[in-house]
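Data block below; observations after.
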2 protein chains.
Amino acid sequence: MSDPGSVPSPEQDAALAPVITHALQRQVFVCTSKSCAANGSEAVLEAFKAQLIEAGVLYTKRNPDGEVQCLQCGSVGFCAIGPAVLVYPEGIWYAHVTVADVPEIIEHHLKGGVPVERLVRKRTGA
Amino acid sequence: MSDPGSVPSPEQDAALAPVITHALQRQVFVCTSKSCAANGSEAVLEAFKAQLIEAGVLYTKRNPDGEVQCLQCGSVGFCAIGPAVLVYPEGIWYAHVTVADVPEIIEHHLKGGVPVERLVRKRTGA
């Protein structure tokens, strides 16, 4: 266990990490591990980022009001059915996501709140 | 949009990705982007994996009954206060996590269900 005195306070941290007090609505994780990457997941990640930037909703240092964070992640066990994309806090796990599916996921799910059911393969929401 | 006929059915996918039907309890994301990595996050990730394996709860191909998945992820905006560790489905964001904190997070949070409050800096649970 760390010495509690060695950890900055939540208030000190909030000044250094604005995301703490920001009302982030969703996180989109795109698996970029071996199998997903071999099936084009890097392009899926870039498509999400580019289209979320265009829509003005990607959270970045330049756009700290963005409601959606988009990041890569390691393998979630969808190696044979990737690319895998997970959306939290709902805990929606998508499989077989291609660049062509990105606009639909953004429009229906990230903006409209309705998951794209034909690609949903698991749910782990709270 | 993909041709719906080109995507395998959920049943076909479940045969290829056993995690789909597995009752996964939690996902632990450890940020391994630049700033967190420079502050030791790779060692934090390895400590989580090793100790979760030892406890018999890490989900892997070899241990498909494991209740906890542990994976790396990209930057979550905690660059100045990392290493960052996120636990879903609760949506608990930890900052300043060191290898020394890993046993406490496993024992209290992942096994006991009680977050380690002194390191919690954000909540995005559903």
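The values are calculated or read from the model by the stated rules, or taken from the named source; none is laboratory data. Model, not experiment: these values are computed from the prediction. Cβ placement follows ideal geometry from the backbone for every residue including glycine, while neighbour counts extend to all protein chains displayed. Side chains included, ligands, DNA and RNA excluded: accessible areas come from the protein's heavy atoms. Shrake-Rupley method; radii C 1.70, N 1.55, O 1.52, S 1.80 Å.
Given (1) under 19 Å from B:Pro103 (Cβ atoms); (2) open to solvent by less than 30 Å² (accessible area, probe 1.4 Å), identify the lone condition not met by B:Glu67. Among (1) under 19 Å from B:Pro103 (Cβ atoms); (2) open to solvent by less than 30 Å² (accessible area, probe 1.4 Å), the lone unmet condition for B:Glu67 is (2). On inspection, A:Gly125 qualifies as open to solvent by 30 Å² or more (accessible area, probe 1.4 Å), facing chain B (nearest Cβ under 7 Å) and not in a helix (DSSP H, G or I).
Within region B:67-86, how many residues turn out to be in contact (Cβ under 8 Å) with a residue 24 or more places away in the chain, outside any strand (DSSP E or B) and touching a helix residue (DSSP H, G or I) at 6+ places or on another chain (Cβ under 8 Å)? Final tally of qualifying residues: 9. Considering B:Val102, B:Val44, B:Val28, the condition of being part of a strand (DSSP E or B) and either under 15 Å from the mean Cα position of the chain (by Cα) or buried (at least 23 other Cβ atoms within 10 Å of the Cβ) (or both) is satisfied by B:Val28 alone.
Against the criterion of being on the phi < 0 side of the Ramachandran plot and in a helix (DSSP H, G or I), A:Ser35 qualifies. The set of residues from region A:28-65 being within 11 Å of another protein chain (Cβ to nearest Cβ) and free of Cβ contacts under 8 Å to residues at least 40 places away in the same chain comprises A:Leu45, A:Lys49, A:Thr60, A:Lys61. The one condition from (1) under 24 Å from A:Ala17 (Cα atoms); (2) open to solvent by 30 Å² or more (accessible area, probe 1.4 Å); (3) not charged (D, E, K, R) that B:Ala23 does not meet is (1). Looking only at residues in region B:47-64 that are in a loop (DSSP other than H, G, I, E, B) and buried (at least 19 other Cβ atoms within 10 Å of the Cβ), which one is farthest from the chain's Cα centre (by Cα)? Among those residues, the one meeting the criterion is B:Val57. Being at pLDDT 95 or above, part of a loop (DSSP other than H, G, I, E, B) and either of a type in the set (Asp, Glu) or surrounded by fewer than 19 Cβ atoms within 10 Å (Cβ to Cβ) (or both) is a property that holds for B:Pro8. Within the option set B:Val19, B:Val44, being farther than 14 Å from B:Ile105 by Cα and in contact with a Pro (Cβ under 9 Å, 6 or more places away or on another chain) holds for one residue only, B:Val19. Could you grab me the full set of residues in region B:76-99 that are open to solvent by 10 Å² or more (accessible area, probe 1.4 Å), at the interface with another protein chain (Cβ under 7 Å from one of its Cβ atoms) and farther than 17 Å from B:Glu46 by Cβ? Across region B:76-99, the qualifying residues are B:Gly77, B:Ala80, B:Pro89, B:Glu90, B:His96. So is B:Ala17 free of Cβ contacts under 8 Å to residues at least 24 places away in the same chain, farther than 30 Å from A:Glu67 by Cα and open to solvent by less than 10 Å² (accessible area, probe 1.4 Å) or not? When the stated conditions are applied, B:Ala17 passes them.
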